[in-house]
Amino acid sequence: MLYSVRMRAAQGGPHEAGGRHISGAERLVLAEQINTVMTAMLDRARGHSRGSADFINITVEAVAETSVMRVPLLTPTTTCVDNVTDGQAAATMLLRQAGVTPKAITSGFEHLLGLTESMRGAILLCAATGRRLDERGQRGVRVSRMDIADAAAFSHYLATRGLANIHVWEAMVLAAKAMAAPGVVAELCWSDDPDYVAGYVAAKSGYYHRITRLKPNGSSLGGRIFFVQPGTDVGRLISYLERQPVLVTLAKEGT
Ligand code: WAQ
Ligand code: MG
């Protein structure tokens, strides 16, 4: 049996009562890891750079191993940029290459740059028209019930590439699950943590392209956009993102 351990923390009351999102986390672990993972989540929610949480919810839920799907890790690459303008230009080019139209890319940036407060989840946009497809408002769609299959091997993988930080760890797992989703063609993301200015474009073709700067220093506004192929069953997609248990596997050494 595996256990989905999920955390969400807010300030000014629970999210559903209008509290401001502070932090969230998603793991899928063995029974003996639950205590350690919960303690780490609690510490993280209480000492977050976005502010101090006064509402913290941690859910532990059993997941049958037979329901778990395995998906491959994406290949990381990094583009170093000096400023936000260059970062956005790099992201735009990558999204174009991934098959997102200029109109939908513009819509994606408008949605993220127009946020006055960070969301808990992601926005789903049509990759052709840029129209918003989910009806979740400020809550968005939260990708959940996923983890890396072999945490020790993944830590080593990241360390050997100079990528050993929790942001990359979590984002690469999330993006791998999302790119394996029915109808998702690409993702645009940057962090809502004020001290973390990097972001990425992920594409269905299998890459996770980091961009070193997608927002100004000190900004607490970040978010995620999933670009979705026209004709996709959005209800089914949301159900996959939120509920399908997924373990992300590393490609074999040398491949
Ligand atoms: N599902 C959907 N959306 C999410 C989730 C989730 N599980 N977690 C976060 N988001 C959305 C939400 O709107 C947040 O405000 C936003 O993404 C940013 O979340 O160096 O740390 O956890 O390789 O702050 C990119 C790493 C890090 C770049 C991104 O996002 C790199 C990051 P954060
Ligand atoms: Mg954050």
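Quick note: the coordinates plus some simple rules give every number you see, no bench work behind them. Treat the numbers as computed from the prediction; the structure is a model and nothing was measured. With ideal geometry, Cβ positions are generated from the backbone for all residues, glycine too; neighbour counts draw on all protein chains shown.
Brief remarks follow.
- Spatial separation of Cα centroids for the range 120-189 and the range 209-255, in angstrom: 3 Å
- Converting phi to 3J(HN,Hα) with the Karplus coefficients 6.51, -1.76 and 1.60 and the offset θ = phi - 60°, the range 182-189 yields x, x, 7, 9, 6, 9, 10, 8 Hz in sequence order, with x at every glycine or proline.
- When both bridge partners sit in the chain, DSSP labels roughly 70% of those beta bridges antiparallel.
- Peptides 70-77, 132-139 ranked from most to least packed give 70-77, 132-139, packing being the mean of other C-beta atoms within 10 angstrom over each peptide's residues.
- Our note on the geometry: Cα centres of the range 42-75 and the range 190-204, 18 Å apart.
- If you wrap the Cα atoms of the chain in a convex hull and average its projected area over all directions, you get 13.0 nm².
- The listed peptides 225-235, 171-181, 19-29, ordered by packing as a protection proxy, come out as 171-181, 19-29, 225-235 (highest mean of other Cβ atoms within 10 Å first).
- Considering only Gly121, Met1, Ile148, and ranking their Cα positions along the charge dipole of the chain that arises from unit charges at the beta-carbon of Lys, Arg, Asp and Glu, the one farthest toward the positive end is Gly121.
- Long-range HN-HN contacts of Arg213 with modeled amide H, under 5 Å: Val81, Gly199
- Over all orientations, the range 107-158 has a Cα convex hull whose mean projected area works out to 5.5 square nanometres.
- 5 angstrom amide H check on Ile22, placed H, neighbours 5+ away: Ala9, Ala10, Gln11
- For Tyr207, the residues whose modelled amide H falls within less than 5 Å of its own, excluding neighbours fewer than 5 places apart on the same chain, are Thr75.
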